[in-house]
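Derivation of every value follows stated rules applied to the coordinates shown; laboratory data play no part. Quantities reported herein were computed from a predicted structural model and do not represent experimental measurements. Here Cβ is always computed from backbone atoms with ideal geometry, including for glycine, and neighbour counts include all displayed protein chains.
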Amino acid sequence: MFKTKNLFFIFFTISLIFMINICAFAAPYVNFKITYDGKTYTYNKERVYLYVNSKQVENLPLEPIILNDYTLVPARESFEKIGASVTWIKDTEQVQIVYKDMVVLMKINDNKATVNGQLFNMSIPPKLINSKTMIPVRFVSEAMGLTVNWDNNTRIINISEPIVQDTTTETTTITETTTQAQKADIEIQKIEMPDSDERTFSIYANKKIEKFEQVILEDGSVAIDIYNSYNSIKETNMESITEFISNVTIENKENNITRFIFKTKSSVLNNNFLSEDGKILYVNFGGNPIKKIEAYNDGTNDILKLYGEFAPDVNISKNSTNDIINIEIKNSTIVNLTESIKEMKYINTLDYSKSTDIVVNIEASIKEDVNYSNKKEDNITVITIGKNITDTNNSNNNNNNNNSDNNNITSSRQFKIEKKDNVSININNIKHTDNYLDKEYILTFDKDITSLIDMGEHKVNNDLVDTILVENVSGVTQMVINCKKITAINVTEDNNYIYINMLLPKEKYKNIVVIDPGHGGSAPGTSGNGLVEKDINLDIALRLDKLFQANSEVKAYFTRLEDVNPSFDDRTNMSNEVGDMFISIHQNASGDGGGGPNGTEVFYLNPNTSDRGLTSKAMAEILQKTLLDQLNTLDRKIKTSNLIVLRNNKMPAVLCEIGFLSNPTEAARLGTPEFRQQVAQAIYDGTMEILEQYPSVR
């Protein structure tokens, strides 16, 4: 009986101690203000204790925060304790954590993160809380191969490094493995520096580059690390004459890493990608960072000025309730922004919190329904917002219409003709002739309508059109519209007027493809077996033009329709100005002699993505398949190549090498009209398949 009582007492005492310990570990509540996403909240929850490798991290600038059941911890204090490098990239509001061979890159309020370049979705994004960068502890830790343990009783979250087993019996094996790992087998052989007006650096290796990653250094320089490699380039410090990069240095890092450091002149967007065989790494710099926003009222209108490296290209729209004007700038980001915002008449606030590192989004909340226009001045885009602005289209409007005395001009984008009872006009009978290569658009009526409109030149002088010339030709009236750039025309009517509406091509056409017949004029291209490349390319293009003209769903523009040689800039400028996609037509040749190589290949370069989700690589895959299926040529695969018409395109772009003129069998086929028609049909069918798989969002 005595023993039973003693056992009960001991058990009771142990239980009491255990309960006291639990109470002792119960975390106190904390109560303080936190500010994030532009709002202030009261944070009142049990305290969370941060441990790294089982040791408490004290004197934190901000305690760990639990939001939506996820724990956020201060980035630098949490991960520098385990030897990670934490970099805050102010310009893009990104935090980069480098730990051993892992690189994690995240952006404030963005659920997407990259781990060694691979995209992942986070359950909660990083936040700026009380001006401190707070990041999701579990996602980051596990991404870097660390262990995270949470004790709900003690409210302790512990980040720990994996335990490395080390025994005497394993020493020899480990040493041998390490020795093997030190023998890098990828030789970095050369780097091609681009010219002053180009943006792509090319790094060449003797073997396929299996792994590379980008690191942003503290001074803003871009470092590219190539793994399992050694450098054989003798010059390790090279000056650059490009717009964005001042010099490139090469370093040999530990663990067989060759590092290229691109010293940036200013903050710049860049993307990196490998050639098809993996032996060339392209490092491309571009984009147009927004550095200054200025807003004020000039006494009549609100003026918004956006400053970039060059005048930003803007897309402007209003929401359905007309209380927000949305301004979108693609291939851009906000960098070291300077603001000069004064009180305005129509604009309440400007919000660009939704901007990312590739797109700037500005929301202007407005007090009442207004119109807008925009124009470019050097490196500035000026947006005018007010009541008396007639051009509400998204354009680079010079807002310089000096035709208030011309009753035919109803706005800077519209020309009207008053109807009369004695002249009936069916607008469906008006013939449209789009001489876009000559910057001319002709409307031919089916009768003489000069009783409705004065003959001669009518000045328009908007952003698209200079003049409209009205003349009679063989008893019918023609309106020759002299354009400043490629312009689309819609003719509409009401009971009183016929309206000539001047539009950007994308405002009229649902799908636009730019076709580039390679070479031409003084640049014949390659040749073989009595055939010249420029002639074959043009003949295919003319056949393709007829196919597209019969399809009202697609507008095709051609960089040439005769034996001329547009510059590379002319070819890509057309695509960047009006296109949804770009297809260049070429022929191949080889100096090997005899029969030589043969077959079809399609090249792509930049991973451009259109608003419909189409990429250059996806285009190349579809066109290669269609060409092979219909032409029965040898499959030479899709490939990457640093060709200027691909490099300078902002649109998804490919270059099709149809066949080899140096190969007698292939040349014999290309020499026949029937085969060239097959080529045109294959490119047309491939384009239609692309448009079917990636439909327009306009």
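Here are some notes:
- Computed lengthening from ASN490 to ILE324, 0.36 nm per intervening residue step minus Cα-Cα distance: 57.0 nm
- Within the shell defined by Cβ-Cβ distances under 10 Å, the residues around LEU452 carry a net charge of -1, with Lys and Arg each +1 and Asp and Glu each -1.
- Applying 1/(1 + (r/R0)^6) with r as the Cβ-Cβ distance of LYS292 and ILE644 and R0 = 30 angstrom yields a FRET efficiency of 0.40.
- THR450 paired with LYS354, simple spin-label distance in nm, labels 7 Å along Cα-to-beta-carbon: 5.3 nm
- Pairs from the table (LYS305/LYS342; LYS107/LYS342; LYS376/LYS650) lying more than 24 angstrom apart at Cα are LYS107/LYS342.
- Peptides 29-41, 528-540 ranked from most to least packed give 528-540, 29-41, packing being the mean of other C-beta atoms within 10 angstrom over each peptide's residues.
- Using θ = phi - 60° and Karplus 6.51 cos²θ - 1.76 cosθ + 1.60, couplings along region 231-240 (whole Hz; Gly, Pro as x): 9, 10, 6, 5, 7, 10, 9, 10, 6, 10
- If the chain linking LYS90 and LYS183 were pulled fully straight, counting 0.36 nm for each residue of separation and taking away their Cα-Cα distance, it would gain 29.7 nm.
- Members of LYS33/LYS132; LYS112/LYS292; LYS318/LYS367 lying beyond 22 Å, as alpha-carbon distances in this model show: LYS112/LYS292
- Region 409-506 - Rg (one decimal) and Dmax (whole number), Cα, Å: 12.6, 38
- Cα→Cβ-extended label distance, 7 Å offset, between ASN472 and LEU337, nm: 6.0 nm
- Scalar couplings 3J(HN,Hα) for region 316-323, obtained by applying the Karplus form with A = 6.51, B = -1.76, C = 1.60 to θ = phi - 60°, are 10, 8, 10, 6, 5, 9, 6, 10 Hz; x denotes Gly and Pro.
- Between SER160 and THR609, the distance separating the two model label sites (each 7 Å from Cα on the Cα→Cβ line) works out to 3.9 nm.
- Difference of contour (0.36 nm per residue) and Cα-Cα distance, VAL697 to GLU276: 148.5 nm
- Cα centroid separation - region 571-641 against region 434-493, whole Å: 37 Å
- Pairwise centroid distance, computed over Cα atoms, of region 220-243 with region 495-509, Å: 52 Å
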